[in-house]
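Student: The structure under discussion is supplied below as structure tokens; questions concerning it will follow.
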Amino acid sequence: MENVTKEVWVFVEQHDGKVADVSLELLSKGRKLADRLNGILKAVVLGYNVKNIAEETFKYGVNSAILIDHPSLEKYRPLPFSRMMNKLVNENKPRIVLFGATVVGRGLAPRVASNTVSGLTADCTELQIKDVTYLKKDYKDLLLQIRPAFGGNIIATIITPDNPVQMATVREGVMEMYEVETPNPISIEEVEYIEDSTDDLIKIVEQYREESKVNLKGAPIIVVGGYGLGTKENFKLIQALADAVGGEVAGSRAAVDAGFVDHDRQVGQTGVTVRPKLIFSIGISGAIQHRAGMQEANKIIAINSDPEAPIFGIAHYGIVGKAEEVIPKFIDLYKNKLK
Amino acid sequence: MYNSIVMVKQVPDTANISGKVMKDDGTVNRAKLPAIFNHEDKEALEIALQIKEQYGGTVSVITMGPPRASDMLKECFYMGADKAYLISDRKFAGSDTLATSYVLSEAIKYVGNFDFVFAGRQAIDGDTAQVGPQTAEKLNLSQVTYVEEILNVKNNVARIKRKIDGGQEVVDAQLPVLLTVIKGAQEPRPFSAKKIMIYKSAKTLLDLEKIANENSLLYLDELVQEYKDKNLYIETLSTTDLSEIDDTRIGLHGSPTKVHKVESVVLSGGEVTKIEPTEEGIGALIDELLNDHILG
């Protein structure tokens, strides 16, 4: 395609002045993509009294921050945010725009894609830039939007070949966050906020938000239980093992859907991606969506009564047996050895 | 009185999927999968029905899908929907979320006269959560996603409780508005036995065409009229009915995203150390983990 830009943008989500981790992770990924394109990385910061956030993004390799600072943007509301993002994207046609797959990002990104007629892929687990031949046509430097798809065992690579803007959302923890050694900031571009009659169609009456007490991403040891445990009662074994080894409890999506464990403890493509030094995977078959969220653990111990479970394909240690028998044995032996 | 339009989707039962249902072009061969009513959409319908019961108004359901999606539309009748629309055309095949939202927005304009547009937050086959907001954008509507409950509706303002990351929020939304509903918001009511008796014989245009073709004494337009009169007609819209629709914005061609590649996942394998579920086996594993300072 002609006349495309080489700009990579990351929408920087912040609440009450605190930047969402996923946005910083995306800045780090965006830096790599921008380097690959020989382009520049821009952070888009919308909020009120958030100039310091625009400056903070430089540490993560941002060249230029686009800042819209206005009281109407103090808290996220869909219309003022999407209206301003639509305008920015339409006027500048960045080549790539990345959003965290948060409640905010999942509401905002589709509106912007819809308005700007851009391709959008949700919950990508990998992003790359490559030359692509699609339907016998050659395309240079397309964004490969890679995600597990459709029930498992399949990885789909999605492209946006014929539209100038390529967009993707990514869950927290999927990309790794790091500060760059030599920041290369160019500027903060302040853009004026334009008020609109639609701004107050949604009014926030009350809001409460608390820092999640769960910190799966930072936990060195995680014990993950799956649907294979069968009952909420059996899931207590997961807690017992986590208590014994000093780990955090987590669940597969099926375990979360069954109500065994809360959603903020879900590991996998649509939950959190973790990289602990040790993970126990218990009663989990190991669908690709789940593995995508935990396969980078240093050591994986899988416990499953089905010797054919795919989880054994990525585990370092495999125990074929029932959780009800293996876990108590493990706990007893471990406690004895510590004495 | 508040009128609602609920976007519903029939989805493959993702618990029963194998790799074989993927076509060579990377799209899904839905004909090969058991189909169910996407649960979050069903919860959205439940909330719309509660609005109708509390404040009056009508509930229409629309779906974009193949003819067999009419089974799900009948289920909507069994729960209490007043009117159902099947948006179906071969030209829609291969639509991504953007093309889908375009078709749905055109269909919603066709139905018209609404205060609420509802949808489930996401469908279990793609989990993208994109179609709701994309449709809202095309209709110039504001939106509230992740809706848990509508607390009340007064003077064209709905007070809504929604989930946000790490908490909850209560917002006042000026109508009309598009809402997406999350799992666990409202348990959908069971089907009414009485309504099943009535609506099991509801028919789409395609059903009636088939009947008319098989019986030369019946004329299609008379049949349609008869079913409309009995309120058993599932209104069936194709691109010809949605006169404003732009053919370049639908189907594979109208979809910015394309599936470039689909790969089966190959597990690395071969490196797993098998541990016997015995005291000796587990004991040795613990020793190894302790020695490597992974545990302890």
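The values are calculated or read from the model by the stated rules, or taken from the named source; none is laboratory data. Computed from a predicted structure; not experimentally measured. Neighbour counts are summed over all protein chains in view; Cβ atoms, including those assigned to glycine, are modelled from backbone coordinates with ideal geometry.
Matching residues to (1) part of a loop (DSSP other than H, G, I, E, B); (2) touching a residue at least 24 places away in the same chain (Cβ under 8 Å); (3) within 19 Å of the chain's Cα centre (by Cα):
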position	(1), (2), (3)
B:Ala136	no, yes, yes
B:Asn140	yes, no, no
B:Gln143	no, yes, yes
B:Tyr146	no, yes, yes
B:Ile150	no, yes, no
B:Ala158	no, yes, no
B:Lys161	no, no, no
B:Leu178	no, yes, yes
B:Lys194	no, no, no
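Student: Here's another thing I want to ask about it. All but one of (1) within 25 Å of A:Ile158 (Cβ to Cβ); (2) within 14 Å of another protein chain (Cβ to nearest Cβ); (3) touching a Leu at 6+ places or on another chain (Cβ under 9 Å); (4) of a type outside the set (Asp, Glu) hold for B:Gly65; state the number of the condition that does not hold.
Tutor: (2)
Student: List pairs: first residue in segment A:234-253 and within 12 Å of A:Ile282 (Cβ to Cβ) and among the basic types (Lys, Arg), second residue modelled with pLDDT of 95 or more and in a strand (DSSP E or B) anywhere in the structure, Cβ distance under 6 angstrom, at least six positions apart or on different chains.
Tutor: Sorted first by the residue in segment A:234-253, then by its partner, the list stays empty.
Student: Quick test of your reading of the structure: A:Gln207 fulfils all but one of (1) under 26 Å from A:Asn52 (Cα atoms); (2) more than 8 Å from every other protein chain (Cβ to nearest Cβ); (3) surrounded by 14 or more Cβ atoms within 10 Å (Cβ to Cβ). Name the failing condition by number.
Tutor: In the conditions (1) under 26 Å from A:Asn52 (Cα atoms); (2) more than 8 Å from every other protein chain (Cβ to nearest Cβ); (3) surrounded by 14 or more Cβ atoms within 10 Å (Cβ to Cβ), A:Gln207 misses (2) alone.
Student: Same structure, new question: Tally time: how many residues in segment A:124-137 are more than 7 Å from every other protein chain (Cβ to nearest Cβ) and either in a helix (DSSP H, G or I) or touching a strand residue (DSSP E or B) at 6+ places or on another chain (Cβ under 7 Å) (or both)?
Tutor: 8
Residue by residue, here is whether (1) more than 14 Å from chain A (Cβ to nearest Cβ); (2) in a loop (DSSP other than H, G, I, E, B) holds:
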| site | (1), (2) |
| --- | --- |
| B:Asp221 | yes, no |
| B:Thr240 | yes, yes |
| B:Gly281 | no, no |
| B:Gly296 | no, yes |
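Student: So, of the residues in segment A:211-236 that are among the aliphatic types (A, V, I, L, M) and modelled with pLDDT under 95, which turns out to be surrounded by the most Cβ atoms within 10 Å (Cβ to Cβ)?
Tutor: So the residue we want is A:Leu229.
Student: Could you tell me whether segment A:215-238 includes any residue that is assigned to a loop (DSSP other than H, G, I, E, B), within 12 Å of another protein chain (Cβ to nearest Cβ) and under 30 Å from A:Tyr76 (Cβ atoms)?
Tutor: There is no residue in segment A:215-238 that is assigned to a loop (DSSP other than H, G, I, E, B), within 12 Å of another protein chain (Cβ to nearest Cβ) and under 30 Å from A:Tyr76 (Cβ atoms).
Student: Condition first: more than 21 Å from B:Ser264 (Cβ to Cβ), within 13 Å of chain B (Cβ to nearest Cβ) and β-branched (Val, Ile, Thr). Now tell me which residues in segment A:258-298 satisfy that.
Tutor: A:Val272, A:Ile279, A:Ile282
Student: Given (1) among the β-branched types (Val, Ile, Thr); (2) more than 7 Å from every other protein chain (Cβ to nearest Cβ); (3) not in a helix (DSSP H, G or I), identify the lone condition not met by A:Ile327.
Tutor: It fails just one condition, (3).
Student: Taking only segment A:57-85 into account, find how many residues are among the aromatic types (Phe, Trp, Tyr) and within 12 Å of chain B (Cβ to nearest Cβ).
Tutor: 2
Student: Being of a type in the set (Gly, Ala, Ser) and either out of contact with any strand residue (DSSP E or B) (no Cβ under 6 Å at 6 or more places or on another chain) or surrounded by fewer than 22 Cβ atoms within 10 Å (Cβ to Cβ) (or both) is the filter; apply it to segment B:98-119 and report the residue that is farthest from A:Ser118 (Cα to Cα).
Tutor: Once the filter is applied, the top-ranked residue is B:Gly112.
Student: May I pose another question? Give A:Leu143, A:Leu108 a once-over and let me know the one that is modelled with pLDDT of 95 or more and closer than 18 Å to A:Pro161 by Cβ.
Tutor: Just a single option satisfies the conditions, and that option is A:Leu143.
Student: Got at least one residue in segment A:175-194 being out of contact with any strand residue (DSSP E or B) (no Cβ under 6 Å at 6 or more places or on another chain), within 13 Å of chain B (Cβ to nearest Cβ) and either in a loop (DSSP other than H, G, I, E, B) or surrounded by fewer than 16 Cβ atoms within 10 Å (Cβ to Cβ) (or both)?
Tutor: Among the residues of segment A:175-194, not one is out of contact with any strand residue (DSSP E or B) (no Cβ under 6 Å at 6 or more places or on another chain), within 13 Å of chain B (Cβ to nearest Cβ) and either in a loop (DSSP other than H, G, I, E, B) or surrounded by fewer than 16 Cβ atoms within 10 Å (Cβ to Cβ) (or both), which makes the answer no.
Student: What's the number of the only condition in (1) within 14 Å of chain B (Cβ to nearest Cβ); (2) closer than 19 Å to A:Gln166 by Cβ; (3) over 19 Å from the mean Cα position of the chain (by Cα) that A:Ser23 fails to meet?
Tutor: With (1) within 14 Å of chain B (Cβ to nearest Cβ); (2) closer than 19 Å to A:Gln166 by Cβ; (3) over 19 Å from the mean Cα position of the chain (by Cα) applied to A:Ser23, the lone miss is (3).
Student: Evaluate segment B:34-57: report whether one residue or more is polar (S, T, N, Q) and in a loop (DSSP other than H, G, I, E, B).
Tutor: Yes: one or more hits.
Student: Now, a different point. Would you call B:Gln186 of a type in the set (S, T, N, Q), more than 8 Å from every other protein chain (Cβ to nearest Cβ) and either assigned to a strand (DSSP E or B) or under 21 Å from the mean Cα position of the chain (by Cα) (or both)?
Tutor: So B:Gln186 fits the description; yes.
Student: Just to verify a result, which residue in segment A:86-109, among those that are within 11 Å of chain B (Cβ to nearest Cβ), part of a helix (DSSP H, G or I) and in contact (Cβ under 8 Å) with a residue 60 or more places away in the chain, is surrounded by the fewest Cβ atoms within 10 Å (Cβ to Cβ)?
Tutor: A:Val104
Student: Next up: What are the residues in segment A:272-287 that are surrounded by fewer than 23 Cβ atoms within 10 Å (Cβ to Cβ), under 18 Å from the mean Cα position of the chain (by Cα) and either basic (Lys, Arg) or closer than 14 Å to A:Glu126 by Cα (or both), if any?
Tutor: Once the filter is applied, which keeps residues that are surrounded by fewer than 23 Cβ atoms within 10 Å (Cβ to Cβ), under 18 Å from the mean Cα position of the chain (by Cα) and either basic (Lys, Arg) or closer than 14 Å to A:Glu126 by Cα (or both), segment A:272-287 yields only A:Arg275.
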